[in-house]
1. Quick check: residue separation of Cys486 and Phe460 times 0.36 nm, minus the Cα distance between them. What number comes out in nm?
2. As I understand it, the value is the acute angle between the Cα axis of helix 121-130 and the longest principal axis of the Cα atoms of the chain; what does it come to in degrees, rounded to 10?
3. So which cysteines in the chain don't have a second cysteine's C-beta under 4.7 Å from them?
4. Summing -39500 (n - 2.57) over the DSSP H runs of n ≥ 4 in the chain and dividing by its residue number, what mean residue ellipticity at 222 nm do you reach, to the nearest 500 deg cm²/dmol?
5. Pop the C-beta distance of Leu399 and Arg320 into the FRET formula with R0 = 41 Å and round what comes out to the nearest 0.05.
6. Hey, with R₀ at 51 Å, roughly what FRET efficiency would Leu441 and Ser110 work out to, going by the Cβ-Cβ distance, to 0.05?
7. What order do Val176, Val121 take when sorted by accessible area (1.4 Å probe), most exposed first?
8. With a 1.4 Å probe and all protein chains kept in place, how do Arg412, Arg372 rank by accessible area, largest first?
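The values are calculated or read from the model by the stated rules, or taken from the named source; none is laboratory data. Everything quoted here is computed from the prediction, not taken from an experiment. Positions of Cβ are generated from backbone atoms using ideal geometry, with glycine treated the same way; all protein chains shown enter the neighbour counts. In case anyone asks, the SASA skips ligands and DNA or RNA and just uses the protein heavy atoms, side chains included. Shrake-Rupley method; radii C 1.70, N 1.55, O 1.52, S 1.80 Å.
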Amino acid sequence: MYSKVLSSAVTGVSGAKVCVEADIHEGLPTFSMVGYLSSSVREAGERVRTALKNSGYLLPAKRITVNLSPADLRKDGSSFDLPIATAILLALGITPTRDISNTLFLGELSLNGDVKPVTGVLPMVHHAKQCGVTSCIIPKENVEEAALIDGVDVFGVSTVTELVGFLDGSKEITPVSNLFDESYLKEPESAVDFADVKGQAILKRGMEIAAAGFHNVLMTGSAGAGKSMIAKCLPTIMPKLSTEESIEVTKIYSISGLLPDKGKLITSRPFRSPHHTVSNRALTGGGSTPRPGEVSLAHNGVLFLDELPEFAKSVLEVLRQPMEDRQITISRVNATYSFPADFMLVAAMNPCPCGFYPDMKRCRCTPDMVQRYQGKISGPLTDRIDITMEVKPLTSAELFGSGTGECSADIRARVEKAREIQKARYKDESIHFNSQLEGKLVRKYIHLDNNCDAMIKNAFETMELSARGTYRVLKLARTIADLEGCDDISEEHLKEALFFRMKGGFAHEQA
């Protein structure tokens, strides 16, 4: 007999429809599987055979063929166990009491017939809904995650026996659907706050501008000045994730198997801080079947690289393309995979190997050592960073003073106001933030009066700005104007943009 059920594979951050066919007929007893399968899928044959046997369903001594189509799509992972078992059971004569032609099957099987959870359920169910699927049968542990997709009835099973009972009508399973509500978007309370940051007035101002326009940041300063702390505080002043952004981020973490709580959307901005020993593949993603890397896990959030010169030069250079394109494209012989990578880069570095330059009383580095250390960061990479700030250690008055700084909630209110201005301005464009302005959009949305035009031309000549660097100054000025609620860019906005672009001062000084 012949049967067919629907399943799904993961390609990039989306799903891909897969049809699982089973045919049982007379012939030499064999169990063969075809359809461009990885080793983990080929192993499913033995898992399924043993799981069915231990659940009381012996396979007949006949020729059993299982095909996973389309044949040109590589199948990987353990989520095909349940649909393979279902297709075989249907081919053995189990008649479902309901129409399962538009039902998605996902799940891994253990040898005793238990159904185990799998990764990537959210993107696969989301794609299946777009293909007309109205229900899905998945592991119970994945039910809440799948039920975030509206319009799909989700049935959770924990054993093969339970699956068979549901198919033949002897067991009722209550469907779960549309668990999503606004409470899922509630942001968890953060352990850090800008009010905890002592002093550093200009550093805080630079971070506020960066958060408002999604600009990249580089902080240079001696060890212990507070660079890491303020970087960790940055997500608390960034605009809250929208529903669409939250689902995007949750999809990426679902594929990676990193969801902190099954069935819950990720509602806070991602903050990724890989160690400086990270490899190219771990940073950008990859593998025989590519999976997201750190730049994709930081999508819609912050990628923090501490001790920037300690990263391998080849690792830093691979950041240049995603910083421009805001996505990672990985090509394989069989397919091309794309992962979103729209992150804010926040980098921190010491001015020299010992970390005390230019304090010559404590710095033991020679001028050549300082130059070599700072030269590890290439010009093309620093040219893609909008804001550069030099950070000096706190004074005793700042460190031990009784006053507290402005809290994250107050700063976020200004940032979100600027964000709403940008949202309204770019409602007809494919961008969301000022930092995403490119080419003709810069000329369309950034207008300078004669004085500002003369100032930026003079800066281009005297400060040796590149064309990219000049555009980044203009985008920075546009964000500063938005924070002030101004329609036009003034000379003061442009001066402040040049100040932050050109390492214009130390963060402990007053602006």
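1. 6.9 nm
2. In the chain, helix 121-130 runs at an angle near 80 degrees to the longest axis.
3. Here Cys19, Cys131, Cys136, Cys233, Cys354, Cys363, Cys407, Cys452, Cys486 come out as lacking a disulfide-compatible partner, given the Cβ-Cβ threshold of under 4.7 Å.
4. Numbers: 21 runs with 186 residues, N = 511.
Helix-only estimate at 222 nm: -10000 deg cm²/dmol.
5. Details: r = 38 Å, r/R0 = 0.92.
The pair Leu399/Arg320 has a calculated efficiency of 0.65.
6. Numbers: r = 53 Å, r/R0 = 1.05.
Given R0 = 51 Å and the Cβ-Cβ separation, E is 0.45.
7. Working: Val176 45, Val121 0 Å².
Largest accessible area first, the residues go Val176, Val121.
8. On the way: Arg412 25, Arg372 150 Å².
Correct descending sequence by accessible area is Arg372, Arg412.
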